[in-house]
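Enquirer: My questions will all concern the structure given below.
Since every read-out is calculated from the coordinates, none of them should be taken as a lab result. A quick note: this is a predicted structure, and the numbers were derived from the prediction, not measured. Here Cβ is always computed from backbone atoms with ideal geometry, including for glycine, and neighbour counts include all displayed protein chains.
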Amino acid sequence: MDRQGHVFDVYLANGRPIDIRLDGESLFPTWFKLEFKEGGEVSPKVKGVRLATRFGDQINIHQVQPETPVSSAREAG
């Protein structure tokens, strides 16, 4: 299993995804899921890649304004 420490970013506007990025590469629109585990761990799956905070992957969920370009939202943090 590839354990390089992925970074998964989900960008939401009005509660809906407007972009998803795996290691900086936009994969939107595509199927993905996020699971929030009882112990506080987060476990996404996208494009056949399984990630988990317990494996050292970083999962970030960003709330942005609908008119905000995603590139600007990434720069703002």
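Enquirer: Assuming 1.567 mPa s and 4 °C, estimate D for region 7-76 with Stokes-Einstein, Rh taken as the Kirkwood radius over Cα pairs, in µm²/s.
Expert: Values: Rh = 12.5 Å.
Rounded to a whole number, D works out at 104 µm²/s.
Enquirer: So how much slack lies between Lys33 and Val49, counting 0.36 nm per residue of separation and subtracting their Cα-Cα distance, in nm?
Expert: On the way: separation 16, 0.36 × 16 = 5.76 nm, distance 1.08 nm.
My answer for the length gained is 4.7 nm.
Enquirer: Between the DSSP loop rule and a limit of at most 10 other Cβ atoms within 10 Å, which chymotrypsin sites (Phe, Trp or Tyr not before Pro) in region 1-55 are left? Walk me through the numbers on the way to the answer.
Expert: Numbers: sites: Phe8, Tyr11, Trp31, Phe32, Phe36, Phe55; in loops: Trp31.
Of the chymotrypsin sites (Phe, Trp or Tyr not before Pro), the ones in loops of region 1-55 whose Cβ has at most 10 other Cβ atoms within 10 Å are Trp31.
Enquirer: Report the gain in length on full extension from Gln4 to Glu41: 0.36 nm times residue separation, minus Cα-Cα distance, nm rounded to one decimal.
Expert: Working: separation 37, 0.36 × 37 = 13.32 nm, distance 1.80 nm.
This chain segment gains 11.5 nm when fully extended.
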